[in-house]
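Contents: one structure, followed by commentary.
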Amino acid sequence: MITPALPERRWGPAPAREPVEAVVLTSSRDGAEVPVVAAAVRLIRAAWLGGWSARQTYAHARLPDQFYLNGNMQRPAHDLHTVAVRLKRPRVKGEGHEYAIAIWCCRSTATEPGAWRFRTAWFSHLPVGARELTKRLGAP
């Protein structure tokens, strides 16, 4: 009887992937103009009606090629543009402030420009969707 030889099993975590280092090219801190994102403008209008103060920030970064652990291309190098709307208002009851943030991203490559897409939103340290955030901004 022949005993089959099984490959040796590797235990433990998979090898760590090298971190992707983004290089920030411009940002609103450098005086770059914030692009107009229609959904962000609507969110700011809803926030002002609810008594929130709003501040927009912008960043443009370059990300290098990203690869899977087996060496295949995961995502080619691209530019990433982000617009964040940061919201703040005094608490109705108690001291301090309430905070919220919403972020839109636009990914573009050398051959094709991207479109602005909603990425994430947080309200009082809880992740929420865009519609839920707009709804909560009007509530006292």
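The values are calculated or read from the model by the stated rules, or taken from the named source; none is laboratory data. Small disclaimer: the values here were computed from a predicted structure and weren't measured. All Cβ positions, glycine included, derive from the backbone under ideal geometry; neighbour counts span all protein chains shown.
Remarks
- Considering (1) surrounded by 11 or more Cβ atoms within 10 Å (Cβ to Cβ); (2) at pLDDT 90 or above; (3) farther than 15 Å from V85 by Cα, the lone condition that V37 does not fulfil carries the number (3).
Each row is one residue, and each column tells you yes or no for (1) exposed (fewer than 11 other Cβ atoms within 10 Å of the Cβ); (2) modelled with pLDDT of 90 or more; (3) on the phi > 0 side of the Ramachandran plot; (4) of a type outside the set (D, E).
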residue	(1), (2), (3), (4)
R62	no, yes, no, yes
Y68	yes, no, no, yes
N72	yes, no, no, yes
A84	no, yes, no, yes
L87	no, yes, no, yes
P90	no, no, no, yes
G96	yes, no, yes, yes
A102	no, yes, no, yes
C106	no, yes, no, yes
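- Count of residues meeting criterion [touching an Asp or Glu at 6+ places or on another chain (Cβ under 7 Å), under 29 Å from R42 (Cβ atoms) and not in a strand (DSSP E or B)] in the stretch 56-112: 1
- Identity of the residue in the stretch 7-55, within 18 Å of the chain's Cα centre (by Cα), of a type in the set (A, V, I, L, M, F, W, C) and assigned to a loop (DSSP other than H, G, I, E, B), that ends up nearest to N70 (Cα to Cα): V20
- Looking only at residues of the stretch 14-34 that are aliphatic (A, V, I, L, M) and surrounded by fewer than 12 Cβ atoms within 10 Å (Cβ to Cβ), we find that the one that is farthest from R86 (Cα to Cα) is A14.
- Taking the numbered list (1) free of Cβ contacts under 8 Å to residues at least 40 places away in the same chain; (2) over 27 Å from T26 (Cβ atoms) in turn, L69 passes all entries but (1).
- Odd one out for Q56, checked against (1) over 17 Å from V83 (Cβ atoms); (2) surrounded by 14 or more Cβ atoms within 10 Å (Cβ to Cβ): (1)
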